[in-house]
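The values are calculated or read from the model by the stated rules, or taken from the named source; none is laboratory data. On a predicted model such as this, the values are computed, not experimentally measured, just so you know. With ideal geometry, Cβ positions are generated from the backbone for all residues, glycine too; neighbour counts draw on all protein chains shown.
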Amino acid sequence: MRRPMKKLPFLFAALFATAPVLAADLMQVYREAQSNDAQYAVARATAEAGREKLPQGLAGLLPVISGTANTTWNDNVYNTLDRKFNTNGYNLNLTQPLFRWQNFVQYGQSKLLVVQAEANFAQARQDLILRVAQAYFDVLNAEENLLAVQANKKAIAQQLEQAKKNFEVGTATITDSQEAQSRYDLASAQEIAADSDLEVKRYALIVVVGKDSGALNRLKPQAVLTPPQPASMDKWVDAAEKDSFIVQAQQAAAEVADKEVERNRAGHYPTLDVVANLGENNAGASQFGANRLETTTRNVGLQLTIPIFQGGATSSKVREAAANRDVSLASLENAKRTAALGARQSFLGVVNGLAQVRALEAALISSNSALDSNKLGYEVGVRINIDVLNAEQQVYSTKRDLAKARFDTLLAQLKLKAAVGALGEDDLQQVNALFEAK
């Protein structure tokens, strides 16, 4: 009975060794990046800090309570009387603002600062999706490039071998062999460069994800890329100028700057507070006798403070805040223009990308036909070896360009959604559905 039990671990090991390794899809890589990307972690912590602006602003409208306590040992001599005693006491103070306009304005600012923090964090989520997609596509594009280079090198190697045989039997010149050798050496150099580029792109993905994702799903050959909806670029531009998270964050910043002018101007206004105090002091003696002395005080009232002159500091702060408001308004206008430009670029990237994909798909069909014709012509002697090599190189370069055009178009689609503040996980899931395991 013991022998089969000893074999059991080896059976499990064999099962796992023969099980296929599943390729990582785009959503899995994105989930890993959410947990491990350093930039996103910074944005998440920054958002958490920004949300605390609201309770801080509200605190300016709520009562402030403070307390003190003391104990003192007294060793005093009053004329000929020696008094040694302990004094204890406590004091509680309450201040409730009734009218402090700068505090009301600051509370309004705190709400806007939270809006700004949330908009920045939403933008960071979109940026993470784009950075993951960019790194993911870069790896796949580098793999496609390496495969194209390797396939081209293999085809050239076959042509080189054929050229050498034909030269030996006298049906071809030494020129064919030399041209094939030259192309083979160039393909070898291109393979080294392509392999190096793939390693760099893989490491760039590791930086975002935090670990090596291994094999990645590949784009389906029959994947259909869709045009943008709506099909009007102006509608996307208008939406970007209003709904872009960068514009929303800058809009909130501009409103904060506007309220900062009002907050500083409130430095000229009077303030009114309710103040209350409760205190008690206990002394073991006094200068008049050894009897214990206890004092309790309770008071409540209104305190009006009227600023009269502060050396011009308040007026200077108002002017400074007004200048900063102009800076924020200019930054808001720049954010709108930048968002509009990004929407235009992404829209054209999708439209032109789709046209380029269709053109390259047609070019690939033509290139394959040209290659077949040149191979046949070479066999019957109406084409030379260099014609076949050029045709083969054209096929592989077209395949590489087609793959890149598809990835660029997909990324442009995501960027277009991000430009109007509408990019989310659902959009990434739709793109992920276009990929499949190798």
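Only one entry of D75, D82 meets the criterion of being within 25 Å of G279 (Cβ to Cβ), surrounded by fewer than 14 Cβ atoms within 10 Å (Cβ to Cβ) and without any contact (Cβ under 8 Å) to a residue 24 or more places away in the chain, and that entry is D75. Kindly check whether there is at least one residue in region 372-386 that is surrounded by 15 or more Cβ atoms within 10 Å (Cβ to Cβ) and under 23 Å from E143 (Cβ atoms). Within region 372-386 (the criterion being surrounded by 15 or more Cβ atoms within 10 Å (Cβ to Cβ) and under 23 Å from E143 (Cβ atoms)), the answer is no, since none of the residues qualifies.
If the condition is being of a type in the set (G, A, S), surrounded by fewer than 18 Cβ atoms within 10 Å (Cβ to Cβ), at pLDDT 80 or above and under 30 Å from V380 (Cα atoms), then region 157-210 contributes A157, S182, S188. Checking each residue in region 137-152 for being modelled with pLDDT under 85 and surrounded by fewer than 22 Cβ atoms within 10 Å (Cβ to Cβ) picks out only A151.
Of the residues that make up region 74-94, is at least one closer than 26 Å to G267 by Cα and assigned to a strand (DSSP E or B)? Yes - at least one qualifying residue is present in region 74-94.
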